[in-house]
Amino acid sequence: MKAAYTRDAPLNYEAVVFLDESSGTSFELQRALEFDAQDAALGLATYCLSNTLGATHYGGVETWNLTPGSLTLSLSGEAAKALNLPRTLQLHADAEELDQLGHHIRRILSS
């Protein structure tokens with residue numbers, strides 16, 4: 001699995017993307033660079049999880065752990081159901097790649 005960071009100021013978002021090259025599936029941790037009053041009013045002033053199937057869920061990570069080569073996410077039941085994923089999701093990538101992405105992951109998930 002490959003992992004990469006992307007930031008697009010005109011589209012107002014940043015994301016860490018995990019791509020399974022063998023299946024073509026992906027999983028993203030996203031957040032807006034800036035939130036507006038409408039985001040706050042709708043409860044969307046937080047990070048967002050999305051997958052290849054177009055499923056999206058705002059918030060929903062109960063706990064997470066970043067170790068060399070692996071990001072483990074414990075999802076709420078609601079998030080797991082919305083994304084059609086297990087409650088515990090383990091994403092593997094090159095240890096050096098994840099180490100370089102760690103500060104982005106921390107920032108996105110702590111918002």
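For the reader, a short list of remarks on this structure follows.
- Applying D = kT/(6 pi eta Rh) to the chain, where Rh is the Kirkwood radius over alpha-carbon pairs, T corresponds to 4 °C and eta to 1.567 mPa s, the Stokes-Einstein value obtained is 91 µm²/s.
- Qualifying GluC sites (Glu not before Pro) for region 3-36 [loop in DSSP, other Cβ within 10 Å: at most 12]: E21, E34
- Calculated P(r) of region 26-77 - Cα pairs past 16 Å, %: 51
- Only Lys, Arg (+1) and Asp, Glu (-1) charged, at Cβ; the chain dipole about Cα centre in debye: 260
- Summed over qualifying helices (DSSP H, 4 residues or more, each -39500 (n - 2.57)) and divided by its residue number, the chain shows a 222 nm mean residue ellipticity of -7000 deg cm²/dmol.
- Spin-label model distance (nm) - A4 vs R106, 7 Å beyond Cα toward Cβ: 2.5
- Cα long-axis angle, helix 95-110 against the chain (0 to 90 degrees, to the nearest 10): 20
Only the coordinates and a few stated rules stand behind these numbers; no lab work does. Being a predicted model, the structure only gives us computed values, none of them experimental. Cβ coordinates were reconstructed from backbone atoms using ideal geometry, including for glycine residues, and neighbour counts include every protein chain displayed.
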